[in-house]
Amino acid sequence: MTVSVLQNGDRGLLAELDDLDAVLALYRALERTRPAGVIDLVPAARTIGVTVDPSVLPLSVVTNWLAHAVPEPPHAADARVVEVPVRYDGDDLAEVAALLGMRPADVVALHTASPWLVAFCGFAPGFGYLVTDHERLVVPRRATPRTVVPAGAVGLAGEFSGVYPRSSPGGWQLIGTTDATVWDASAETPALLSPGTAVRFVEAS
């Protein structure tokens, strides 16, 4: 695994990696060995941003920590598990099934049976990009994004699944809806889904 570390201002570093699997493995190692002075770790599809308090820990020390951390592939058994009930009533469910050569019921069964992990967050506060251990639910984004996607919409796009935390434009294929609150700014922990969280989708009755 190749890690390239770049300085990002006087309080930050950016680790660039080969792919998302490398990000997940390094992020797990960094979370488990985070020294005092590292304020935040923010994974993305190919990078991990690190915010540092340089009065506590010099950037040179953090650079060395990033460059020499031993990657640890994530293990679902070790992760916090969040259960998300879903009504599989999405407008794109039939189209997704057709793209995958399945029946809609097969898409639902596979989505609920798959182990999902929050790889990183972005797009909107509380929006987690979830990955699983197979490629059987990989579908393209919609050719024409919607101007409004309702809060709680559950979608697929590329190798990811996700839950829209609020009403917004979006181009994901919508397969269902949930009443789960994935972002509450007034809560002690605003985001229901954070990097490293395991997610289990359950079909709501």
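The values are calculated or read from the model by the stated rules, or taken from the named source; none is laboratory data. Keep in mind that what you see is a predicted model, and the values were worked out from it rather than measured. Counting neighbours? That spans all protein chains shown, and the Cβs are built from the backbone with ideal geometry, glycine included.
See the values below:
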quantity	calculated
The range 174-196: number of residues that are of a type outside the set (A, V, I, L, M), over 23 Å from Ala94 (Cα atoms) and out of contact with any Phe, Trp or Tyr (no Cβ under 9 Å at 6 or more places or on another chain)	6
Only one of Arg34, Arg87, Arg11 that is modelled with pLDDT of 90 or more, in the same structural domain as Gly152 (by TED's automatic domain parsing) and either out of contact with any His (no Cβ under 7 Å at 6 or more places or on another chain) or not hydrophobic (A, V, I, L, M, F, W, C) (or both)	Arg87
Subset of the range 26-54 (residues that are closer than 18 Å to Gly128 by Cα and part of a strand (DSSP E or B))	Asp40, Leu41, Val42, Pro43, Thr47, Ile48, Gly49
Failed criterion for Leu66 (all others in (1) among the hydrophobic types (A, V, I, L, M, F, W, C); (2) closer than 30 Å to Leu13 by Cα; (3) surrounded by fewer than 17 Cβ atoms within 10 Å (Cβ to Cβ); (4) under 23 Å from the mean Cα position of the chain (by Cα) hold)	(3)
Conditions (1) within 22 Å of Thr47 (Cα to Cα); (2) at pLDDT below 95; (3) not acidic (Asp, Glu); number of the one not met by Ser186	(1)
Unmet criterion (only one of (1) at negative phi; (2) assigned by TED's automatic domain parsing to the domain that holds Val182; (3) modelled with pLDDT under 95) for Phe123	(1)
Selected residue (criterion: farthest from Ala198 (Cα to Cα)) from residues of the range 160-178 that are touching a residue at least 24 places away in the same chain (Cβ under 8 Å) and either polar (S, T, N, Q) or not assigned by TED's automatic domain parsing to the domain that holds Asp92 (or both)	Ser168
Candidate set from the range 79-92 (those that are hydrophobic (A, V, I, L, M, F, W, C) and crowded, with 16+ Cβ neighbours inside 10 Å); member that is farthest from the chain's Cα centre (by Cα)	Val86
Residue pairs meeting the criteria (Cβ under 9 Å; at least 6 apart or on separate chains; first closer than 13 Å to Val96 by Cα, in the range 147-159; second part of a strand (DSSP E or B) and of a type in the set (Lys, Arg))	Val154/Arg87
Residue match in the range 93-107 (condition: in a helix (DSSP H, G or I), under 21 Å from the mean Cα position of the chain (by Cα) and free of Cβ contacts under 8 Å to residues at least 24 places away in the same chain)	no
Considering residues of the range 21-56 that are in contact (Cβ under 8 Å) with a residue 60 or more places away in the chain and farther than 15 Å from Glu72 by Cβ only, the residue surrounded by the most Cβ atoms within 10 Å (Cβ to Cβ)	Ala44
Qualifying position, being at pLDDT below 95 and either among the basic types (Lys, Arg) or part of a loop (DSSP other than H, G, I, E, B) (or both), among Val23, Val70	Val70
